[in-house]
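Below is one structure, written out as structure tokens, with a few remarks after it.
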Amino acid sequence: MFNKWFKPTIPILRINSGIDYNSAKLVEESLKPLSRMKALAVVINSTGGLLVQGELMKKKIELFAKTHKLPLYTFAEDSALSAGYYLLSIGNKIFVDEASLVGSIGVLYLNLKIQNVTRRLGFEPRKFSSNKMLFQNYTGLNDERDEGMESIIKDQFGIMRQQFFDHCDKYRPQLQKQDADVKDLIYNANIFTGKDAVKYGLADEIGNFEEVLNRIHPDCQLIDITRIPLGQYYIMKQQQS
């Protein structure tokens, strides 16, 4: 029992949601140092989200690892897609399950045209903006296709897309050594199984976090440091009572 207290530790940070403001805040609140840390492990299960929040989370995780001089291991569980892969790729060593879904390197923008629906339901949306067409194209409240505005939106998302590409080139330089056909697959928002992710250089090895960390650091105690959101905590308490 006493030996357990004095064992070196590896904090486990779980990202088990979309990449947004709430998950970024959760990461910040969870990253608290433990005694005698040997490494930091980030376990990701995310289909993506906001690139800006992914960048903020990346910086917080890297700062923690750098401050405490820890190697950073990242693990994909069910999925690490889009902004989820953005975070997965920062690991000094990246691990995936054979059946993990990995990749989707790119930017997705979904716009639903709802003008006819709102009209049939009798809703009359009223919003004041200095740029009427921009508001209509972003919200789907415009019946007519505006190629000029589509071009502006594509340019904006092109900037984010390039940021994602530059990020992958920095953290996974081996991707640039792939054949042109493979690079086209990787950088065209395609999704790969864990096995193919290792094959194409998106990840390093197959393995889950417990198996890998117990093999690399057999003397360490694995401690989950992920803070539970308040709403989830109350649900768990109600289920236990």
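Every number here is computed from the coordinates shown, using simple stated rules; none is lab data. None of these values were measured; they are calculated from a predicted model. Neighbour counts run over all protein chains shown; Cβ positions are idealised from the backbone, glycine included.
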Which of rounded, prolate or oblate describes the stretch 16-58 when judged by the alpha-carbon gyration tensor and an a/c cut-off of 1.5?
prolate
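Per residue, how big is the convex hull of the stretch 1-111 when only Cα atoms are used? Give it in Å³. List each step's numbers first, then the result.
On the way: hull volume 12.2 nm³, N = 111.
Hull volume over Cα atoms, normalised by residue count, gives 110 Å³.
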Surrounding net charge for LEU101, when Lys and Arg each add one and Asp and Glu each subtract one, Cβ distance under 12 Å:
-4
What does the highest-first list of 164-171, 216-223, 73-80 look like by mean Cβ count within 10 Å?
73-80, 164-171, 216-223
